[in-house]
Each structure stands twice: as structure tokens, then as C-alpha cells.
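Q: Input: one structure, supplied below.
Nothing in this text is a laboratory measurement; each read-out follows from the coordinates by a stated rule. Computed from a predicted structure; not experimentally measured. Every residue, glycine as well, gets a Cβ built from its backbone with ideal geometry; the counts of neighbours run over all protein chains shown.
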Amino acid sequence: MIDGKLAVLAIESSCDETAAAVVLDGRDVRSNIISSQIETHKLYGGVVPEIASRQHLTNVNWVVDSALEEAGASMDDIDVIGVTYGPGLVGALLIGLATAKAYALACGKPLVGVNHIAGHISANFIEHPELEPPFMALVVSGGHTNLVEVRSYTDFHVLGGTRDDAVGEAYDKVARVLGLGYPGGPLIDKIAKEGDPEAVHFKRVYLEKGSLDFSFSGIKTGVLNYINSEKQAGREIHVPDVAAGFQAAVLDVIVDKTMSAAKDLGKDKIVMAGGVAANSRLREMMQQQCDKNGIALYRPSPILCTDNAAMIGCAAYYKYMAGGTDGLDLDAIPNLEL
Ligand code: KG4
Ligand code: ZN
């Protein structure tokens, strides 16, 4: 306990960020250390799983030590060890999980495995102290695109998801095609501001009527086809217009489906989560629609949108309070569902 509050030491290593945090009573973040591997993976234009695992291994101990130090805590003060056990890259997950188990065993603390998506949603509880379930959540990241009905702190009902690429993956692939670099999301976000979203039209993919699923794999081909046909016709590509056109095509569908799900289920609160929730245009569009429909919109600040361990500490707290602890046989599950 620290200051009379339950202290969680949380570890996150599902993709390319090695992160650790100390979180009190779920919402009071005392430290949030994130060691990003972006500079390494940039060389390859995307995350290389084997390299990610090795870097997690190199980083995890000092990241945990820094989180404890910054919180002014020792292991004696920690009540619970929270850790992401899926979904994610299996080799990457295993490093965080093995570390968490070692601390749990050596220090005699309970272990709580956290679903990474539940973590992303929980980032909103940290940012907005007054927020409580139920609400609708839009989870948009490099690995996931989900509409989730959050019924309580631990009860999540998935209404729809992507049938192929996640939206962040589409951003990253299109950025590569446009020669912008990695990770593509923030770069497209920035350059699209200088473009005209109506200059180049890309198809909006809604799937069957009423479906809350998504499909983004076709848009990269759409962008490639457009670039090739323009080149063949001897015309210059105006990258900001293509970026703005791509962004408009994916965000129109995401915003439409989120709003219709919230209205159909009578939800008066929507929360955004995941790396793409940091996108400025998506934030703007969601805010406009929510204002129009009398729905309250919650978004974490950008640092809590992308991968971090504070969100895992928050989700671990609520799972622990609901009686959910795990054994030391807890395994990493790369395709763990919510
Ligand atoms: O949540 P996250 O850090 O990792 C996963 O769990 O996947 O999300 C990373 C993704 C990347 O695809 C990145 O390009 C995207 O989030 N992203 C953005 C923005 N910032 C990060 N996409 C669009 N606009 C942004 N500002
Ligand atoms: Zn994530």
C-alpha cells in the first residue's frame, strides 16, 4: 500500500514498447515509464518480432526499476503485479510475463493478467476521474479495431471488429506506399492537414447493412492503384491530398459505425482508445458528431493512447478488485480475445 491505496506494479511488452508503471487504486499514476523501440524498427519499415523480443529483454529490468524509483516505492509497497498476457507478439509478451511472474514469485505478490485491449479502454479511467461504465468504446490501434460495449469494469462485449487489417496497420501501410516513413499514423495525421480530403476519392467500405465490422485491407491497394494510374498518365502525385483522401475514407466509416452503435444501444458516453485515438482528425470528427447527438466523448491524452503500462495497471486493479488473480502458469496468448 502507498498512501493507504492499493499499489499495482504493471508491465507491458506486447509490441514495441517496454513499459512499467506504478498505479494506486487504479487511477492514481505514480510513474509511467515507456521505452520505445521505434528508432530500431524504423530501419525495417515496421516491427520485427524477433528484434522486439530481444530489446524487451534488454530493457525490462531497468524499466521496472525506473518505475519503482520514480514512484518512490520498493517491492514491499507493491500489492499486486499486473501484466499484459495478450493479444500481441508472442515472443514480446513472454518477456513481460516472465518478468512479472518472477517478481510475483520472489516477492510473494498476486499476479493479475490483463488483456491489452481492456488496458487501452482503461486508459480513459486514468484521464477522466469521473468516468464510469457503462459506455461504448472505440478501440483503434496498430493491431486492433473494435467496437466494444463496456458493461462494467470487467465485462466487455465486442460488437464488431476488423475482418482484415487494423486501422493503424492501414495508416502504416499507406504511409509506406506514400514514402512517408514509420510509424505512419502520426505522419499521415500531420501531412493530411495540408491536403484536400475531397481531391482524391477512395471507396468507403461499409460491408453488409447493419454490420459493425470493418475492412481496411482494400484501401492500400486503392492508394497504390491511384498512384500508378497517375504516374502512367504523367501527372504528379500530391501527397497531402492522397493522405487526406485516405484518412477521410477510413475515418468516415469508423465515425459512422461508432455513432450508429452508440445510438442503437442508447449509450450516452463514448470512449476512444488505442494509438489511432491520438489522431487529430478522428478526434475532431467524433467530437462534432457527439456534440450533435448529445453524447459525451472521452479520449485519453496522446501518451495514454499509445502503448503504456499505466493503462495495464488500471485494468489490473479493477480485475483484482473483482477477484481475478492468475496462477504462475498463466501463458501468453497472442490472439487473446476480449
Ligand atoms: O496502441 P498502439 O501504440 O499499439 C498497438 O496496440 O497496436 O498503436 C500504434 C498505432 C500505429 O499503427 C500508429 O501508426 C498509430 O497507432 N497512430 C496513429 C497516430 N498515432 C499513432 N494513427 C493515426 N494518427 C495518429 N496521430
Ligand atoms: Zn496497443
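Q: Taking GluC sites (Glu not before Pro) that fall in a DSSP loop and have at most 10 other Cβ atoms within 10 Å as cut points, what is the longest piece of the chain between them?
A: 1-129
Q: Which longest run of the chain has no exposed loop site in it, a site being trypsin sites (Lys or Arg not before Pro) in a DSSP loop with at most 13 other beta carbons within 10 Å, and the site itself not part of the run?
A: 1-150
Q: In whole Å, what are the Cα extents of segment 234-338 along the three principal axes, biggest one first?
A: Principal-axis extents of segment 234-338 (Cα, largest first): 62, 39, 23 Å.
Q: I would also like to ask the following. Return the subset of 101/257; 193/231; 193/257; 203/231; 190/292; 5/101 for which the Cα-Cα distance in this structure is over 28 Å, preserving the input order.
A: Long pairs (Cα-Cα over 28 Å): 101/257.
Q: Still on this model: What share of the DSSP beta bridges in the chain is antiparallel, in percent to the nearest 5?
A: On the way: 27 of 44 bridges.
Here the share of antiparallel DSSP bridges comes out near 60 percent.
Q: Taking only C-alpha pairs under 8 Å that are 6+ residues apart, what is the relative contact order of segment 1-97 in percent?
A: RCO, segment 1-97: 40 percent.
Q: Between residue 82 and residues 5 or more places away or on another chain, which pairs have amide H atoms under 5 Å apart, with H built 1.01 Å from N, and which residues are they?
A: Result for residue 82 returns 9, 10, 11, 112.
Q: Another question about this same structure. Could you pull the Rg and Dmax for segment 133-302, using just the Cα atoms, both in Å?
A: Using the Cα atoms of segment 133-302, the pair Rg, Dmax is 16.1, 56 Å.
Q: How much length would be gained if the chain were fully extended between residue 5 and residue 268, taking 0.36 nm per residue of separation minus their Cα-Cα distance, in nm to one decimal?
A: Between residue 5 and residue 268, full extension yields 91.6 nm more.
Q: With viscosity set to 1.002 mPa s and temperature to 20 °C, compute the Stokes-Einstein D of the chain, Rh being the Kirkwood radius across alpha carbon pairs; µm²/s, no decimals.
A: Taking Rh from Cα pairs, D becomes 105 µm²/s.
Q: Given 0.36 nm per residue, what is the gain on full extension from residue 50 to residue 105 after removing their alpha carbon distance, in nm?
A: 17.1 nm
Q: So for the pair residue 293, residue 40, with labels modelled 7 Å out along Cα→Cβ, what separation do we get in nm?
A: Placing both labels 7 Å beyond Cα along the Cβ direction yields 4.2 nm.
Q: To the nearest Å, what is the center-to-center distance of segment 1-53 and segment 220-235, using C-alpha atoms only?
A: When both Cα centres are located, 40 Å separates them.
Q: Please find the FRET efficiency linking residue 221 to residue 157, where r is the Cβ-Cβ separation and R0 is fixed at 35 Å, and quote it to the nearest 0.05.
A: So the FRET efficiency works out to roughly 0.60.
Q: Quick test of the membrane-span-like rule: which DSSP H helices of the chain reach at least 30 Å along their long axis (C-alpha atoms) with mean Kyte hydropathy at least 0.5?
A: Helix filter hits for the chain: 239-264.
Q: How high is the relative contact order of segment 133-302, in percent, with contacts defined as C-alpha pairs under 8 Å that are six or more residues apart?
A: Across segment 133-302, relative contact order equals 27 percent.
Q: Same structure again: Working out 0.36 nm times the residue gap between residue 79 and residue 177, then minus their Cα-Cα distance, what length gain in nm do you get to one decimal?
A: Length gained between residue 79 and residue 177: 30.5 nm.
Q: Output the Cα-based Rg and Dmax of segment 103-227 in Å, rounding Rg to one decimal and Dmax to a whole number.
A: 18.4, 61
Q: A follow-up question, please. Would you mind getting me the FRET efficiency between residue 193 and residue 303? Use the beta-carbon distance for r and R0 = 35 Å, nearest 0.05.
A: Working: r = 21 Å, r/R0 = 0.60.
Computed FRET efficiency for residue 193 and residue 303: 0.95.
Q: Another question, then. Run the numbers on the chain and let me know its relative contact order in percent, using alpha-carbon pairs under 8 Å that are six or more apart.
A: So the answer I get is 25 percent.
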